[in-house]
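**Student:** Could you have a look at this structure, given as structure tokens, before my questions?
The values are calculated or read from the model by the stated rules, or taken from the named source; none is laboratory data. As the structure is a prediction and not an experimental result, all values here were calculated from the model. Counting neighbours? That spans all protein chains shown, and the Cβs are built from the backbone with ideal geometry, glycine included.
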Amino acid sequence: MKIQYAKKDLILFLISAIGITAAMFLAYLPRAEITPQAARVLAPAYHVDPSGTETPEQAALGTWTPMARPRLYANRTKAAYWIKFRLPSNPAPGNAFVHIESASAEDLRVYFRGHQPVRLGKKVPSAQVPIKTRLWNVPIPADSIPGETVLIRVRTDTIMLVPISILTVGEALADTNMDSLIFGVFFGLLITVFFVNLFTWLAIRNSSFLTYLANIAFLFLYHLRVHGYLWFLPIPFPVLEAILWISLGGFGTFMMLFAQRFLDLKERLPVMHKILNGGIVLFIGQTVLGCAQLSFLANQIAYVTGFLVPLIILSTTTYLYFTGMRQVRFYLLAWCFLFTGTLVWSTSAYLESYLPSNYIFMMGTSIDTLLFTLAIFDQFRRELLEKDEHIERERYYQKLSHTDSLTGLYNRHYLNDLIQRLSSEEDIPPESAVIMIDIDNFKIVNDTYGHLVGDMFLTKMGTKIRNNVRKSDIACRYGGDEFLIFLPGATERAAMSIAESIREAMHADFVYSEQGQPIHVSVSAGITSSRSGDSFDGIFLRADAALYQAKRTGRNRISVL
């Protein structure tokens, strides 16, 4: 069975590796670019205005650098960039548009000779833009002539990626329809996943679904804002900017809260839990800076968190998977795709991608939303299976009277049956532990105070053990005053915590003798965890040796082997 699961996981990871490789190739693999002639943009060139204050006349007298392709790319900068090109003879003016494929650009100005500049960009209310589309289409005036120079001024706090082409009316409509179809499918997918999680949460009230609902809601709002759809609403630009940073901060925060909860990091990896808390603080900080209109500084932080936080969670999930948590495989796959999207998005501030980074991020979030939902359902399915197994175990235990009447724990009969079942498998469950405990000097207590006092201490021991173990753990009275606790899926650290709690609880308790004298006892414990290829006999013998070591070195202590 384990080999079959390993093969299934391998197939899943191979499929994801192909998808991730394809995404990286789409983003960064060099390929033939659209030439100025194909884009109908003649002799393109650009000029940098560091101050951002030059007029068209001043810019025209500046230094211009020829462009081998009709596509301007620059790292984030506070400078303004000017682009100039000459109009072609085909298509004819009056039946064509200057197409600027930069949805996130904030301040665009297009200058045609003899006409007032056309203002575009997210800072310009949509009501003042001649053609309201997500990407910018500027009508070429009918009185323009072939060879006439057109100037475009670009200023933005985001990545400077500005592809330019000239389209006919039919081409512009086809481009808009295709763009709407792609985003319609994407937003439809997000909405569908949101409602699937919502209805599931309403049905079963599992908190993981609720946390992920908030994550999807903020992600949906972020994509609406960053891809330009909220621009169509009468919302002032400062409010749009606040929505951008709140949605990005909310997405990052709930992404980390979901990771902490899903991976149980507070219990399994407390250090990573604290590191993600630090990541939440960074997301809150960039949100505050962005809402305070310090977008350039907020972007500096965002590109760091957009790379580091997914990398940390991906690395943590990978570590947990290879240390035995096979149930996180879908979650790991989801993070592979999300990390690919965030990696391209964050590095696009320093490297030019051939496909817009927002598209790669959109593709990554599309796949990861499906996989995250699948991971939650898989986790919930496993929880149900564990509950069913627990019920079946209880029925089995009741049927065969496998309970020790004095302590309420499983008895030696049940333990022998457990050993037989585990020994018939290839090895014990991964990341399991065994605790062996007995009462120090129990024979002296019996001989001095009588068996009634001894039985009272055994009863208390059974109560302390039941109060400190999980429902999935198996606690047995092995014989006399010896107890064995089998902890499937538990780390050595978790076993140490349980054993220490039992030891302290017993040490703090007492029983009165016949003369009214309080009697205290101490306990010793031996702990060991599973290793590759372990049989139950092997782990049992190590735990017993650890217990012997604890008693030999002074009692009232815990030893680990």
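**Student:** Suppose we keep only residues that are over 15 Å from Ala259 (Cβ atoms), among the aliphatic types (A, V, I, L, M) and within 16 Å of the chain's Cα centre (by Cα) within the stretch 211-227. Which one would you say is modelled with the highest pLDDT?
**Tutor:** By that ranking, first place goes to Ala217.
**Student:** With the checklist (1) surrounded by fewer than 21 Cβ atoms within 10 Å (Cβ to Cβ); (2) more than 23 Å from the chain's Cα centre (by Cα); (3) at pLDDT 75 or above in hand, flag the one item Ser432 doesn't pass.
**Tutor:** (1)
**Student:** Here are some residues: Leu181, Leu161, Leu189. Which one is at pLDDT 85 or above and surrounded by 14 or more Cβ atoms within 10 Å (Cβ to Cβ)?
**Tutor:** Numbers: Leu181 fails: surrounded by 14 or more Cβ atoms within 10 Å (Cβ to Cβ); Leu161 fails: at pLDDT 85 or above.
It is Leu189.
**Student:** When the residues of the stretch 500-541 are narrowed to those that are buried (at least 21 other Cβ atoms within 10 Å of the Cβ) and among the polar types (S, T, N, Q), which ends up nearest to Arg421 (Cα to Cα)?
**Tutor:** By that ranking, first place goes to Ser530.
**Student:** Given the structure, is Ile131 over 23 Å from Ala80 (Cα atoms), assigned to a loop (DSSP other than H, G, I, E, B) and out of contact with any Leu (no Cβ under 9 Å at 6 or more places or on another chain)? I'd like the intermediate steps shown before the answer.
**Tutor:** Details: over 23 Å from Ala80 (Cα atoms): yes; assigned to a loop (DSSP other than H, G, I, E, B): yes; out of contact with any Leu (no Cβ under 9 Å at 6 or more places or on another chain): yes.
Yes, satisfied.
For (1) surrounded by fewer than 15 Cβ atoms within 10 Å (Cβ to Cβ); (2) in a loop (DSSP other than H, G, I, E, B); (3) aliphatic (A, V, I, L, M), each residue gets a yes or a no:
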residue	(1), (2), (3)
Thr463	no, no, no
Ser472	no, yes, no
Ala490	no, yes, yes
Ile498	no, no, yes
Ala543	no, no, yes
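**Student:** Continuing with the same structure: Hey, among Leu371, Leu422, which residue is at pLDDT 75 or above and part of a helix (DSSP H, G or I)?
**Tutor:** On the way: Leu422 fails: at pLDDT 75 or above.
Just one listed residue meets the conditions, Leu371.
**Student:** Here is a check on your reading of the model: is Leu151 modelled with pLDDT of 85 or more, surrounded by 15 or more Cβ atoms within 10 Å (Cβ to Cβ), more than 40 Å from the chain's Cα centre (by Cα) and not small (Gly, Ala, Ser)? Quick ask: steps written out before the conclusion?
**Tutor:** On the way: modelled with pLDDT of 85 or more: yes; surrounded by 15 or more Cβ atoms within 10 Å (Cβ to Cβ): yes; more than 40 Å from the chain's Cα centre (by Cα): yes; not small (Gly, Ala, Ser): yes.
Spelling it out, Leu151 is indeed modelled with pLDDT of 85 or more, surrounded by 15 or more Cβ atoms within 10 Å (Cβ to Cβ), more than 40 Å from the chain's Cα centre (by Cα) and not small (Gly, Ala, Ser).
**Student:** Among residues belonging to the stretch 239-248 that are touching a residue at least 40 places away in the same chain (Cβ under 8 Å) and surrounded by 21 or more Cβ atoms within 10 Å (Cβ to Cβ), point out the one that is nearest to Ser497 (Cα to Cα). Quick ask: steps written out before the conclusion?
**Tutor:** So in the stretch 239-248, the residues touching a residue at least 40 places away in the same chain (Cβ under 8 Å) come out as 240-242, 244-246, 248.
Checking which are surrounded by 21 or more Cβ atoms within 10 Å (Cβ to Cβ) leaves us with 241, 244-245, 248.
On the way: Glu241: 48, Leu244: 44, Trp245: 41, Leu248: 38 Å.
Restricting to residues being touching a residue at least 40 places away in the same chain (Cβ under 8 Å) and surrounded by 21 or more Cβ atoms within 10 Å (Cβ to Cβ), the top hit is Leu248.
**Student:** What are the residues in the stretch 79-99 that are touching an Asp or Glu at 6+ places or on another chain (Cβ under 8 Å) and either aromatic (Phe, Trp, Tyr) or under 12 Å from Val48 (Cα atoms) (or both), if any?
**Tutor:** Result: Ala79, Ala80, Tyr81, Trp82.
**Student:** Only residues in the stretch 496-517 that are in contact (Cβ under 8 Å) with a residue 60 or more places away in the chain count as the first member; pair them with residues that are loosely packed, with under 15 Cβ neighbours inside 10 Å and outside any strand (DSSP E or B), Cβ under 6 angstrom, at least 6 apart or cross-chain, and list the lot.
**Tutor:** none
**Student:** Check whether at least one residue in the stretch 441-460 is within 30 Å of Leu385 (Cβ to Cβ) and in contact (Cβ under 8 Å) with a residue 24 or more places away in the chain, and report yes or no. Even if it seems obvious, please write down each step before you answer.
**Tutor:** Of the stretch 441-460, the ones within 30 Å of Leu385 (Cβ to Cβ) are none.
No; the residues of the stretch 441-460 include none that is within 30 Å of Leu385 (Cβ to Cβ) and in contact (Cβ under 8 Å) with a residue 24 or more places away in the chain.
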